[in-house]
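Peer 1: Here it is, the structure, as structure tokens.
Derivation of every value follows stated rules applied to the coordinates shown; laboratory data play no part. This structure is a prediction, so every number in the text was calculated from the model and none was measured. Glycine gets a Cβ as well: all are built from the backbone with ideal geometry, and neighbour counts include every protein chain shown.
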Amino acid sequence: MSIPTQEILVDARGLEPPEPMEKVLQTLDLLRPGQSIRLLLHREPFPLYPLLAERGYRHATRMEADGSYVILIRPAGENR
Amino acid sequence: MSLQAGLSFEQAPPFALPLRFFLTAPLFLLAAAGLIVWAPEALASRWAPQALALTHALTLGFLAMVMLGALLQMLPVVAGESLPAARRVAWISHVSLVLGTLALMTGFLMAEPAAFGIAILLLGGGFAVFLAAASISLARAVAGVTVNGIRLAVLSLAVTLLLGLALALLRAGWWFPPAIETAIAAHAAFGLLGWVLLLVIGVAWQVVPMFQITPPYPPRLARWLAAALFALLLLHAAALLFFPAAVPIVDAALAGAILAFAVATLRLQSRRRRKLADVTLDYWRLGMASLLACVVVWLAAQFWPAWADSDAYPLLLGVLFLGGFAVSVVCGMLYKIVPFLAWFHLQAQLQAKAGSIPTMKEMIAERRMRGQFRLHLAACVLLAGAVLWPQLAIAAGSVLALSALLLWVNLLSAVRRFSGYGGRFS
């Protein structure tokens, strides 16, 4: 049985620090196996990266044409 | 940018280290307010001993107190490594700033040479320790517009300190320095437009776009303004000594630099992405409006010599710059720094599940911060009024006292919440 990949969207564009971080940490607690987070942000969240690593998650960051960022977050053990 | 990249729990000093500065500062604001109520002549002439004691309660006891605490928190992040002997530096600079400021105020109020002697030793020693530690961190820091602003601010602090020590030696009766009037003017200029304004400017490049979610400052302004302001301060001192006729021209350029910063900041703030109410934003706006008012008051003095020669003119400038601009911006920043650090240390110490600890916004009730802001605004208006109508002085001092007390209570509420959730201070 394959677990369907689900993405939880966290749109934190225009939120004041550290609200984006608070939202991501909150969402991590709700994450079920196979699920990942797609974080939208108006700037690159450098302080978030060490917290993700500490908690066993990896991330991939992409800058969009409008200067905002998309960060994909998933457990370090999972593929894809 | 380096400031964001380096925010890690390992580098950050324990909460107690900066917190002692932040919780002491409102008490000096309260002392300043008490001084106005007790001796309303503090607002009658800038040379009155009470006015000098009041000025230093505000600049050293409140402003420098918060700025030192904030820098001790920020420098490790800027430098990418812990401050050398951070705990000892914090302890020495805090204790000597508290006692040194009290000694200096006593010296002015009692015209007591021995008190000036004690102030010289304490403030000279305490600031020297802080400046040494800050220099090491700033030398290691990666250059950027914020780091450059902080470097020039700290350099200005050193100049202000040296001039202040020389002037205090005069009051202590130990030395009769040359060119006293120039030394006083340069001491005030480097202290207010150098240390205070340059630090606010350097921090603004980072804080306004990040926390108020505005577009960035124009890059050319960010690159040149701090250096231009510092160069003008040097020119200002040189003109006072060697070429007094040029002073108004240098002053005009300084006013232009201040205007550029205030207008740029207000414009950015009007282009926020989400127009949510925020006390810190209101404090910044009050601060920038006060800077504009300073420029207007200065401009008026260029055209009306009678106004320029009045006792009220320098006092009004002082009230607008210190109360309206500097105290406002610092209060606004305290309402971000203290809740942020409380939240930051809690989540790092407890590795807590989100939702089990308060968010940053829940650390201090918005309603109470808003109430304190209104009191501060009223105090600023009354203080400016008291410069022109002395009978307002006692009311102004009383409202300022209430505002200082509420600031302290509000900051303490975040600290209580922090320890209530099991946060450790050291």
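Peer 1: In whole percent, what relative contact order does the stretch B:300-405 give with Cα contacts below 8 Å and a gap of six or more residues?
Peer 2: Working: 66 pairs, mean separation 25.9, N = 106.
Relative contact order, the stretch B:300-405: 24 percent.
Peer 1: Taking 0.36 nm per residue of sequence separation and subtracting the Cα-Cα distance, how much length would be gained by fully extending the chain between B:Val381 and B:Ala260, in nm to one decimal? Can you show the working numbers first?
Peer 2: Working: separation 121, 0.36 × 121 = 43.56 nm, distance 2.41 nm.
Using 0.36 nm per residue and subtracting the Cα-Cα distance, I get 41.1 nm.
Peer 1: Right, next: If you split all Cα-Cα distances of the protein assembly as shown into 10 Å bins from zero, what percentages do you get per bin, shortest first?
Peer 2: The distribution over the protein assembly as shown is 4, 18, 29, 26, 13, 6, 2, 1, 0, given as percents.
Peer 1: Sort the stretch B:80-204 into rounded, prolate or oblate with this rule: let a ≥ b ≥ c be the square roots of the eigenvalues of the Cα gyration tensor; rounded if a/c is under 1.5, and if a/c is not under 1.5, prolate when a/b is larger than b/c, oblate otherwise. Don't jump to the answer; show the numbers that get you there.
Peer 2: Details: a/c = 2.53, a/b = 1.53, b/c = 1.66.
Oblate.
Peer 1: What does the charge dipole of the protein assembly as shown about its Cα centre add up to, to the nearest 20 debye, if the Cβ of each Lys and Arg holds +1 and the Cβ of each Asp and Glu holds -1?
Peer 2: On the way: 36 positive and 23 negative charges, 265 e Å.
Charge dipole, the protein assembly as shown, about its Cα centre: 1280 debye, nearest 20.
Peer 1: Calculate how steeply helix A:19-30 sits against the longest principal axis of the alpha-carbon atoms of chain A, using the helix alpha-carbon long axis, and give the answer as 0 to 90 degrees to the nearest 10.
Peer 2: The helix A:19-30 is inclined about 10 degrees to chain A.
Peer 1: Helices from chain B with mean Kyte-Doolittle at least 0.5 and a Cα length along the axis of 24 Å or more, per DSSP H: which?
Peer 2: On the way: long enough: B:16-38 (33 Å, 1.87); B:86-110 (35 Å, 1.25); B:113-140 (40 Å, 1.79); B:145-172 (40 Å, 1.89); B:219-242 (35 Å, 1.65); B:247-270 (34 Å, 1.55); B:279-303 (36 Å, 1.35); B:328-350 (33 Å, 1.17); B:366-388 (34 Å, 0.56); B:393-420 (40 Å, 1.43).
Qualifying helices: B:16-38, B:86-110, B:113-140, B:145-172, B:219-242, B:247-270, B:279-303, B:328-350, B:366-388, B:393-420.
Peer 1: Another question, if that's okay. What is the stretch A:16-75's relative contact order, in percent, from Cα pairs under 8 angstrom and six or more apart in sequence? All intermediate terms of the calculation are to be shown ahead of the outcome.
Peer 2: Working: 65 pairs, mean separation 21.9, N = 60.
Relative contact order, the stretch A:16-75: 36 percent.
Peer 1: Pull out the extension gain between B:Ile394 and B:Lys361, defined as 0.36 nm times the separation in residues minus the alpha carbon to alpha carbon distance; nm, one decimal. Please report the intermediate quantities before stating the final value.
Peer 2: Values: separation 33, 0.36 × 33 = 11.88 nm, distance 3.49 nm.
Result for the pair: 8.4 nm of gain on full extension.
Peer 1: Still on this structure, I have one more. For every helix of n ≥ 4 consecutive DSSP H residues, a contribution of -39,500 (n - 2.57) applies; sum these over chain B, divide by its total residues, and give [θ] at 222 nm rounded to the nearest 500 deg cm²/dmol. Kindly include the intermediate steps, with their values, before the conclusion.
Peer 2: Working: 17 runs with 315 residues, N = 426.
It lands at -25000 deg cm²/dmol.
Peer 1: If you don't mind, another one. Please list, or write none, the aspartates and glutamates whose alpha carbon is within less than 17 Å of the alpha carbon of B:Lys336, excluding same-chain residues fewer than 8 places away.
Peer 2: Straight-line reach from B:Lys336, under 17 Å: A:Glu16, A:Glu19, A:Glu22, B:Asp278, B:Asp282, B:Glu362, B:Glu366.
Peer 1: If I take every Cα pair under 8 Å that is 6 or more residues apart in chain B, average their sequence separation and divide by the length, what percent do I get for the relative contact order?
Peer 2: Numbers: 587 pairs, mean separation 81.0, N = 426.
This gives 19 percent for chain B.
Peer 1: A further question on this structure: So for the stretch A:16-75, what percent of the C-alpha to C-alpha distances run longer than 17 Å?
Peer 2: Details: 570 of 1770 pairs.
Cα-Cα pairs in the stretch A:16-75 separated by more than 17 Å: 32 percent.
Peer 1: Follow-up. First check a/c for the stretch B:2-420, with a ≥ b ≥ c the square roots of the eigenvalues of its C-alpha gyration tensor; if it is under 1.5, answer rounded, and if not, answer prolate when a/b is larger than b/c or oblate otherwise. Provide the component values of the computation, followed by the final result.
Peer 2: Working: a/c = 1.34, a/b = 1.33, b/c = 1.01.
It is rounded, given that a/c, with a ≥ b ≥ c, falls under 1.5.
Peer 1: Sort B:278-285, B:328-335 for me by packing, meaning the mean count of neighbouring Cβ atoms within 10 Å per residue, highest on top.
Peer 2: Details: B:278-285: 21.1, B:328-335: 25.0.
The most tightly packed comes first, giving B:328-335, B:278-285.
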